[in-house]
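Engineer: What follows is a structure written as structure tokens; I'll ask about it next.
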Amino acid sequence: MVCKGDLTDPKVKSFEAVKNSSKDPLFIPKVMIFNSIAREIAPFLTLYQTDKPMLPFLSEDMFQLMKGLMRRFCKEKPLKEATSILKLLHIPLQDSSLHKDTTKINPGFLAETCLNQLKSTNNISERQVLELKMECKTFLITILEKLQNKAPVNHQLVRSMRCLDPRCMAESKEVCLAQMKRMLHHLVGANHVEESACDDMLREFGEFCDFAALQASFREFDPKTDRVDTQLHETMGTNKAFSKVWHVVKMLLVLSHGQASVERGFSINKELIVENQKEASLVAQRLIVGHIRSVGGVTNVQLTKELLISVSGARQRYHSYLDDQKRATDKEKSVQKRKALADELDELKKKRARVENDISALEKSADEYADKAESIGKLTFITKSNSLRRTAKEKKASLQDLEKKIDEKLAEMKH
């Protein structure tokens, strides 16, 4: 409309940038490339915008993120050889011998489709397509080099924190023990842990990994919904047998994975809009300002008959709006209450399934120890078998409590 003369040229740099970009035939695929890369990074950023302790998962998540971005332009061989985050950090991204052919660079599905369409209609040339893919590769390399240089996983302590991932404890005891040993070396060097206590800590940690391998809650742990500090406190922190290693775990869990909470403290925009200004009010004020500017000032606003009728009925519409909001709120509360009950019931059912699996695993292990005791004749196996059976019995008691709670929730939902 500015080019046609319907509106005046604002003569600002931002408008000139938008105007020049709109003339670029590659503008739309460029936006699609940026959106494709942003969508790949966004889940990682969203997951770590939390105050929960997340360092135990940072190494693996960063490994998956960087490998995914590298896969867009790197050959498959160096990526297969990079089996750990440390090897991934040392890949020379500027080495062109590791890069795919320019035609095989992946800018994203939508961008690739758009480029093919533009090329088929002769709006762009093959050379422009290749240049854009090269720019995409440069953009990816810049992002990855920043991660290689600045990411916390450059520190061995952060990489070793993976041993506190409940899933890793349940699946890879030896790997976790090696990582815990490396962390203890760091803590001893920083005078946070006595060197003489490290053997006991490693022994307790190994025993805890054996315990974790029998727990379904460790194997099914989800960082998106569960808290690692709560999980470890309930299983390790409340057991005196793991008191020494729990002292170390507590110190490690307070390490921050970022400054999300600090940044939220400085962001007041959302608070202002929610607390002091409703969305409808904000939209209405923007419409009014837009109309006043379009007519050239307040004095140029025409007081038409329709405008006067609308103003006279404003109070009535306001009360009608309040009634609608009240009904919507009551309905939302009812829906939320039922949803909360359904979520609690689902969680109880999942917990019941985990307890049943734990009981089955404990009884199976107890039977194995009993068979060993019978075949070998060692009393220690009988002791272990009895210990596992007692634990299974306690689990059965808790299972009965869960069944009772499930029945109560079902009755509550019916009413």
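Engineer: Out of everything in segment 240-258 that is over 21 Å from Asp51 (Cα atoms) and among the hydrophobic types (A, V, I, L, M, F, W, C), what residue ends up being surrounded by the most Cβ atoms within 10 Å (Cβ to Cβ)?
Structural biologist: Of everything passing the filter in segment 240-258, Val245 is surrounded by the most Cβ atoms within 10 Å (Cβ to Cβ).
Engineer: Further, regarding this structure: Going through segment 297-342 one residue at a time, which ones are free of Cβ contacts under 8 Å to residues at least 60 places away in the same chain and of a type in the set (Gly, Ala, Ser)?
Structural biologist: Across segment 297-342, the qualifying residues are Gly297, Ser310, Ser312, Gly313, Ala314, Ser320, Ala328, Ser334, Ala340.
Engineer: Among Asp371, Asp358, which is the only one that is within 40 Å of the chain's Cα centre (by Cα), surrounded by 11 or more Cβ atoms within 10 Å (Cβ to Cβ) and at pLDDT below 85? Break it down into steps so the answer makes sense when it comes.
Structural biologist: Details: Asp371 fails: within 40 Å of the chain's Cα centre (by Cα).
So the residue among Asp371, Asp358 that is within 40 Å of the chain's Cα centre (by Cα), surrounded by 11 or more Cβ atoms within 10 Å (Cβ to Cβ) and at pLDDT below 85 is Asp358.
Engineer: Could you look through segment 160-182, keep only residues that are open to solvent by 40 Å² or more (accessible area, probe 1.4 Å) and touching a residue at least 40 places away in the same chain (Cβ under 8 Å), and pick out the one that is farthest from Asp222 (Cα to Cα)?
Structural biologist: Lys173
Engineer: Pairs please, first residue from segment 380-400 and without any contact (Cβ under 8 Å) to a residue 40 or more places away in the chain and at negative phi, second anywhere and open to solvent by 40 Å² or more (accessible area, probe 1.4 Å) and hydroxyl-bearing (Ser, Thr, Tyr), Cβ atoms under 7 Å, 6+ apart in sequence or on different chains.
Structural biologist: Phe381/Tyr369; Lys384/Tyr369; Ser385/Tyr369; Leu388/Tyr369
Engineer: Any idea which of (1) open to solvent by less than 70 Å² (accessible area, probe 1.4 Å); (2) touching a residue at least 24 places away in the same chain (Cβ under 8 Å) is the one Met134 doesn't satisfy?
Structural biologist: With (1) open to solvent by less than 70 Å² (accessible area, probe 1.4 Å); (2) touching a residue at least 24 places away in the same chain (Cβ under 8 Å) applied to Met134, the lone miss is (1).
Engineer: Right, something else. Give the residues of segment 383-406 that are farther than 30 Å from Leu345 by Cβ and surrounded by 15 or more Cβ atoms within 10 Å (Cβ to Cβ), sorted by residue number.
Structural biologist: Residues satisfying the conditions are Lys384, Ser385, Leu388, Arg389.
Engineer: Report the residue count in segment 269-282 for those that are open to solvent by less than 100 Å² (accessible area, probe 1.4 Å) and either among the charged types (D, E, K, R) or modelled with pLDDT of 70 or more (or both).
Structural biologist: 2
Engineer: Return only the number of the condition from (1) over 20 Å from Lys146 (Cβ atoms); (2) surrounded by 14 or more Cβ atoms within 10 Å (Cβ to Cβ) that Ser97 does not satisfy.
Structural biologist: (2)
Engineer: Restricting attention to segment 196-254, which residues are within 17 Å of Pro56 (Cα to Cα) and among the aliphatic types (A, V, I, L, M)?
Structural biologist: Listed by number, the residues that qualify are Ala212, Val228, Leu232, Met236, Val245, Val248, Val249, Met251, Leu252, Leu253, Val254.
The values are calculated or read from the model by the stated rules, or taken from the named source; none is laboratory data. This one's a predicted model, so the numbers in the text were calculated from it and none came from an experiment. Note that we place each Cβ from the backbone using ideal geometry, even for glycine, and neighbour counts take in every protein chain shown. Surface areas here come from the heavy atoms of the whole protein model, side chains and all, with no ligands, DNA or RNA. Shrake-Rupley method; radii C 1.70, N 1.55, O 1.52, S 1.80 Å.
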